[in-house]
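Visitor: Below: one structure in structure tokens.
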Amino acid sequence: DSGVTQTPKHLITATGQRVTLRCSPRSGDLSVYWYQQSLDQGLQFLIQYYNGEERAKGNILERFSAQQFPDLHSELNLSSLELGDSALYFCASSGVAGPNTGELFFGEGSRLTVL
Amino acid sequence: SQQGEEDPQALSIQEGENATMNCSYKTSINNLQWYRQNSGRGLVHLILIRSNEREKHSGRLRVTLDTSKKSSSLLITASRAADTASYFCAEVGGSQGNLIFGKGTKLSVKP
């Protein structure tokens, strides 16, 4: 058990809909990362937050947004969903951020299926 | 794309054999990490090697790093069926410290 909790584990929805994925990082970790894993694109970095503030942005679509709350949990909002958004979405946390980032602790992921 | 690449994409071996996976990365790293993912599960950190290190061991794992070639390799010795998983290398990208993962090597160890 990594200590990172993601909900929901599975989600099935229709095109055009909006969903929210939730992540609770390991106790004490200030950094939260979101990744998307699909068969064709592999593991893509979406966005990173550190202590409530956006720290780095990757290949995140404009239809997607995220935030980290004062209690350090994070939410990833996906809107106007398309079939291609079907993927595993992972949250990871770490105690540090910056160029000396160490080990990331991953949650078990939220599997999104868009029909 | 900033993603590095693992080689081979897939590897099938017998229990007891050694498995070697290679990774090429793109940035000037501070460290490079290897992760393991069982099918459909979260990634688990295996080992971290810093840019000033050339080799590191952890149990049956041996990682090497060649910064001049921007490459790393992961060796799993005396493999077991339980080692069946996908293995990813990850470089710390840029000044913000986000990890950029390669596409992974899918390892199958047959009993």
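Just so it is clear, none of the values below were taken in a lab; they were calculated from the coordinates. Quantities reported herein were computed from a predicted structural model and do not represent experimental measurements. Here the Cβ is made from the backbone with ideal geometry for all residues, glycine too, and neighbour counts use every protein chain on show.
Visitor: With the radius of gyration and the Kirkwood radius both derived from the Cα set of the protein assembly as shown, what is their ratio Rg to Rh?
Guide: Taking Rh as the inverse mean 1/r over Cα pairs, Rg/Rh reads 0.97.
Visitor: Follow-up. Only four residue types carry charge here, +1 at the Cβ of Lys and Arg and -1 at the Cβ of Asp and Glu. Report the dipole size of the stretch A:45-115 about the Cα centre in Debye, rounded to the nearest 20.
Guide: Roughly 120 debye for the stretch A:45-115.
Visitor: Relative to the compact-globule scaling 2.2 N^0.38 Å, provide the ratio for the alpha-carbon radius of gyration of chain B. Present the calculation step by step, with values, prior to reporting the outcome.
Guide: Details: Rg = 13.3 Å, N = 111, 2.2 N^0.38 = 13.2 Å.
So the Cα radius of gyration is 1.01 times the expected 2.2 N^0.38 Å.
Visitor: Same structure again: Projected onto the charge dipole of the protein assembly as shown (+1 at Lys/Arg Cβ, -1 at Asp/Glu Cβ, origin at the Cα centre), which of B:Ile47, A:Ala92, B:Gly59 gives the Cα projection farthest towards the positive end?
Guide: Result: B:Gly59.
Visitor: Net charge near A:Ser2, counting Lys/Arg +1 and Asp/Glu -1 over other residues with Cβ under 11 Å of its Cβ?
Guide: Numbers: positive: A:Arg26, B:Arg41; negative: A:Asp1, A:Asp29, A:Glu103, A:Glu108.
Net charge in that neighbourhood comes out at -2.
Visitor: Output the antiparallel fraction of DSSP beta bridges having both residues in chain A, as a percent to the nearest 5.
Guide: 90 percent
Visitor: Okay, moving on. Quick one: work out Rg over Rh on the C-alpha atoms of chain A, Rh as Kirkwood radius.
Guide: My calculation of the ratio gives 0.95.
Visitor: Here's a follow-up. Given Cβ point charges of +1 (Lys, Arg) and -1 (Asp, Glu) and nothing else, what value in debye, to the nearest 20, does the dipole of chain B about its Cα centre take?
Guide: Charge dipole of chain B: 140 debye, to the nearest 20.
Visitor: Sequence gap at least 6, Cα distance under 8 Å: using those rules, report the relative contact order of chain B to the nearest whole percent.
Guide: That works out to 38 percent.
Visitor: If you average the C-alpha positions of the stretch A:64-115 and of the stretch B:59-111 separately, how far apart do those two centres end up, in angstrom?
Guide: 22 Å
Visitor: Another one. Restricting to the protein assembly as shown, compute how many DSSP beta bridges are antiparallel as a %, nearest 5.
Guide: On the way: 76 of 85 bridges.
Once the DSSP bridges in the protein assembly as shown are tallied, antiparallel ones form about 90 percent.
Visitor: When we measure straight from the Cα of B:Lys103, which aspartates and glutamates land under 20 angstrom away, once same-chain ones fewer than 8 places off are left out?
Guide: Output for B:Lys103: A:Asp40, A:Asp85, A:Glu103, A:Glu108, B:Glu5, B:Glu6, B:Asp7, B:Asp66, B:Asp83, B:Glu91.
Visitor: Count the net charge of all other residues whose Cβ sits under 14 Å from the Cβ of A:Gly52, scoring Lys and Arg as +1 and Asp and Glu as -1.
Guide: Details: positive: A:Arg55; negative: A:Asp29, A:Glu53, A:Glu54, A:Asp71, A:Glu75.
Here the charged neighbours net out to -4.
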